[in-house]
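The next block holds one structure in the form of C-alpha cells; read it before the comments.
The values are calculated or read from the model by the stated rules, or taken from the named source; none is laboratory data. Since the model is a prediction, treat every value here as computed from it, not as a measurement. Positions of Cβ are backbone-derived with ideal geometry, glycine not excepted, and every protein chain shown enters the neighbour counts.
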Amino acid sequence: MIITAKASHLPQAPRKINLVVKSIVGLSATKALDKLQFTVKRASNPIAKVLRQAIANATNNHKLDPKNLFIDTAFATKGRVLKRSMVGGRSRQKPYERTASHLTINLRSTTPKTTPVIARSSATKQSIQTPGSPQPLSGFAMTKKAATKLKSKTNK
C-alpha cells in the first residue's frame, strides 16, 4: 500500500530540495526522520514536516505501524515562478526568478518478515568447538587446501 503526502509552494528551488530528498529514498521512515534531523540544509525542515505528515496519514487513515514504513519515492517539482529584479552595475535592473517547488513523498508499507526457526541437528551440534579439538579452517586456508587438491588431481 502506498501512502502519499504533498506540500505545495515551498519557497525553495526544487533542485535544492531534491538534493536532500535523494538521500532518504529507500530508508525506513524513522531512520529518514533521524537523518533529516542532522542534515545541515535548509530544505530538511519542510521535508521532515511532510514526512511526519505521511507517517500520520498511514497510522490514522490506514492503521499501519510506523516501523513497517519506508520511503518508496520522493521528489520535488517546479512550482510557481516569481519574477524579481535587483540593481546591477550603473543602476541597471538585473532580472532573476524565485522558483517555488512542490514536494511529494510516497511511503510503502511492508509486512514484517518472520524467519523460520531451524532446529539444530546432531551434525551441527558436533561442529561446536570443544577443548582439544582442531580449529576449523579459515576462508583463506580452505581455498589454499582446495587449490592444492586441485593441483594434485591435475598433475596425475
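Here is a yes/no grid of residues against (1) in contact (Cβ under 8 Å) with a residue 24 or more places away in the chain; (2) polar (S, T, N, Q):
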site	(1), (2)
Pro14	yes, no
Val21	yes, no
Val25	yes, no
Ala32	yes, no
Arg90	no, no
Gln93	no, yes
Arg98	yes, no
Thr111	yes, yes
Review point. Is it fair to say Pro116 is modelled with pLDDT under 75, over 30 Å from Leu33 (Cα atoms) and not hydrophobic (A, V, I, L, M, F, W, C)?
Key: yes
Note on Gly89: of the conditions (1) over 12 Å from Thr104 (Cα atoms); (2) within 17 Å of the chain's Cα centre (by Cα); (3) among the small types (Gly, Ala, Ser), unmet is (2)
- Message: Just checking, does segment 52-68 include any residue being part of a loop (DSSP other than H, G, I, E, B) and among the small types (Gly, Ala, Ser)?
- Response: no
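Does segment 2-22 contain at least one residue that is over 13 Å from Arg108 (Cα atoms), hydroxyl-bearing (Ser, Thr, Tyr) and exposed (fewer than 13 other Cβ atoms within 10 Å of the Cβ)? Explain how you work it out, then say what you get.
In the first step, residues of segment 2-22 are kept if they are over 13 Å from Arg108 (Cα atoms); the result is 6-22.
Narrowing the set further to residues that are hydroxyl-bearing (Ser, Thr, Tyr) leaves 8.
Then keep just the ones that are exposed (fewer than 13 other Cβ atoms within 10 Å of the Cβ); that gives 8.
Yes, because at least one residue in segment 2-22 is over 13 Å from Arg108 (Cα atoms), hydroxyl-bearing (Ser, Thr, Tyr) and exposed (fewer than 13 other Cβ atoms within 10 Å of the Cβ).
Which one of Lys31, Lys41 is loosely packed, with under 14 Cβ neighbours inside 10 Å and of a type in the set (Lys, Arg)? Lay out the reasoning, then the answer.
Details: Lys41 fails: loosely packed, with under 14 Cβ neighbours inside 10 Å.
Going through Lys31, Lys41 in turn, the sole match is Lys31.
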Subset of segment 67-114, residues buried (at least 17 other Cβ atoms within 10 Å of the Cβ) and farther than 19 Å from Ala13 by Cα, comes to Leu69, Phe70, Ile71, Leu107, Ser109
For segment 27-51 the number of residues that are in a helix (DSSP H, G or I) and under 15 Å from Phe70 (Cβ atoms) is 9
